[in-house]
Amino acid sequence: SLAAVSLSVAVAAMGGAAFDPSLSPSRGGPAGLAARLLLQLGGVGGVAAVAALSFHLNGDEWLGKDGRKKLREAGAQLHTLYEQLRARSLADHWADLRELLRDPGDDAATLLGVARDASPAEIKQAHRRLARLHHPDKQQDASREEKEEAERMMSRLNAAKDTLLGE
């Protein structure tokens, strides 16, 4: 099959030695490392060439009637995403990743002012105390913006309580 041919080309191009874990960058010096990297690049290029040729020959069968048009649209969307990613610095991307991986329980505990492993009674008591301060109904003389901020704070408090209680 085509997948077997692709794999054979890749392994042959890389000479099998590229997969040897005992080869380290220090063995053979910079010239040896460069040669191994070029060999691996050739293998990847071979697999890509076989895949591209196979797709070119069988694309209509794989994609259907409007497949090529959909593929061009997907390529345009991918290029737009690529440009958006390039427009930001690596530090910005790293900060976004840290934000995504941050434990929501830590933020919830900080917001409610309790320990991360607080008892349900402590969590509910802290939530009630802060809810009394920030509830929108307590903001009778406040401006519209202040009432909206109180509503946002209440939703954050409720989400924090739910996160810590596991609800």
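The values are calculated or read from the model by the stated rules, or taken from the named source; none is laboratory data. Predicted, not measured: the structure shown is a model, and the values here were computed from it. Because the Cβ atoms are built from the backbone with ideal geometry, glycine has one as well, and the counts that use them run over all protein chains shown. Keep in mind that these areas ignore ligands, DNA and RNA; they rest on the heavy atoms of the full protein, side chains included. Shrake-Rupley method; radii C 1.70, N 1.55, O 1.52, S 1.80 Å.
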(Q) Based on this model, can you work out whether Arg132 counts as of a type in the set (D, E, K, R) and in contact with an Asp or Glu (Cβ under 8 Å, 6 or more places away or on another chain)? (A) no
Q) Which residue out of Ala108, Ala95, Ala126 is touching a Gly at 6+ places or on another chain (Cβ under 7 Å) and among the hydrophobic types (A, V, I, L, M, F, W, C)? A) Ala126
Q. For the stretch 94-104, does any single residue satisfy the condition of being modelled with pLDDT of 80 or more, closer than 30 Å to Arg129 by Cβ, assigned to a helix (DSSP H, G or I) and of a type outside the set (Lys, Arg)?
A. yes
Q) If a residue has to be within 18 Å of Asp96 (Cβ to Cβ) and either open to solvent by 100 Å² or more (accessible area, probe 1.4 Å) or not in a helix (DSSP H, G or I) (or both) to count, how many in the stretch 67-85 make the cut? A) 2
Q.
Of everything in the stretch 112-127, what is within 11 Å of Asp162 (Cα to Cα) and surrounded by fewer than 15 Cβ atoms within 10 Å (Cβ to Cβ)? Give them in sequence order.
A. Pro120
Q: Considering only the stretch 128-141, state which residues are exposed (fewer than 10 other Cβ atoms within 10 Å of the Cβ) and among the charged types (D, E, K, R).
A: Arg132, Asp137, Asp141
Q: Tell me, please, whether a residue that is within 20 Å of Gly166 (Cβ to Cβ) and part of a helix (DSSP H, G or I) can be found in the stretch 130-139.
A: yes
